[in-house]
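So the structure is just underneath, and the comments pick up after that.
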Amino acid sequence: MGKQEDFVLRALEERDVRFVRLWFTDVLGFLKSVSVAPAELENAFEEGIGFDGSAIEGFARVYESDMLAHPDASTFQILPWRTGEDGGPATARMFCDIVMPDGSPSYADPRHVLKRTLSAAADKGFTFYTHPEIEFYLFKDVPGKGEEPQPVDRSGFFDHTAQSRGSDFRREAITMLEAMGISVEFSHHEGGPGQQEIDLRYADALTTADNIMTFRTVVREVALGQDIWASFMPKPFTTHPGSGMHTHVSLFEGDRNAFFEAGAQYQLSKTGRQFIAGILRHASEISVVTNQWVNSYKRLLGGGEAPSSICWGHNNRSAMIRVPMYKPNKGQSTRIELRTVDAACNPYLAFAVVLAAGMKGIEEGYELPREAEDDVWSLTERERKALGIAPLPRSLFDAIGIAEDSELLAETLGEHVFDFFLRNKRAEWEEYRTQVSAYERDRMLPVL
């Protein structure tokens, strides 16, 4: 065992940890957990914890079901909400890498998909950093079937309101996140009633993906503790903004920001321009991963700062990719902001496909198209077409059809994940399209 494993084993005794939760995600991005006693952890570090992979969504078929969860000691943290106020026994968590009985990485592990993509970028000399702005809604309770949820407040963007449920919630959630070593950069009330935003500080993409999974859990735990309900659903209301996860990304070569070039237009290097060009060219292919739910496309088509067209712009918030304004003497902070990703994606797979698309642009030397200088939302379809601005997929059905022919997606996700993911999305679409909606009943029952 290494130093990190030794540190964990010592911490178990010093902090009186009685339970250790081993976390991993399924292909769709849902968190899975198995709890082990501290006495079992040394063996878990050496041999892993066995489980039935066929019982996990998308992991394995029945005849190849045996899998092992190997805890990553570098992700060890005490869970603040599972530690008694009276100083009682604590619960900790670690993320796991999933392996087969022969020790080879599981082809179905989303964390491995991202690690494999990061490794390919590292072979080219690049490290991938991400910084997510995560939006979500707070509701008074879990809505009943067919009911519209009731937000906890009626505040708007950046509103500061006395006795605000949102500000109390954000304070407690941020305190818990920082207790787990997750740094928060900003937080505020978003544009919709009950809608919040918390921005995590930039980190390497694997750490950020782990942090997002922890973030969702913390947000839900804090909400339940305050007798309210948190949701990352992309578009819970017809008339209010959806919840996105605008993600700032950058590549570094050692300590140097590969996106920065002094004196270049917008101080954006050739590498940065090619990276943007790669994401734009493959945007429709990767949408099924960055926006994986039927409801995701209601957000993309519903306005409220959500992009619906494939374009980029300098400090243009109507564009799919925004190049933020350059700050003098801050070349290290040069980055691009991808505005399509929503807060309900599988972050491991989403970061993997974004990185793969950007790297394809660098490797193939893609030319960056002309930037969108106008408010893209205000243009007509004909005007966008004249400017060469193509639309993003309009529905999950469209996104699936494009993804099925994507070599980039198949290569990045691997055959197993690619096949299962698309089969699951096709099933979701089939189930959705046969549902009779409230809209149809409200419009047609009275008159037909």
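Using 1/(1 + (r/R0)^6) with R0 = 30 angstrom and r between the beta carbons of Ala11 and Leu224, what's the FRET efficiency to the nearest 0.05? Show your work: numbers first, answer last.
Details: r = 27 Å, r/R0 = 0.89.
Here the calculated transfer efficiency is 0.65.
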Margin query: Number of Lys pairs in the chain with C-alpha atoms less than 26 angstrom apart, excluding same-chain neighbours closer than eight positions?
Written below: 26
Next item on the list: Find which of Gly331, Ala73, Ala386 sits farthest along the positive direction of the dipole of the chain, computed with +1 on the beta-carbon of Lys and Arg, -1 on that of Asp and Glu, about the Cα centre.
Entry: Ala386
Next item on the list: Would you work out the relative contact order for the range 116-441, in percent, from Cα pairs under 8 angstrom that are 6 or more residues apart?
Entry: 19 percent
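Bear in mind these aren't lab numbers, they're just calculated from the coordinates by the rules spelled out. All values reported here derive from a predicted model rather than from experimental measurement. Methodologically, a virtual Cβ is constructed for each residue, glycine included, from the backbone with ideal geometry; neighbour enumeration extends over all protein chains shown.
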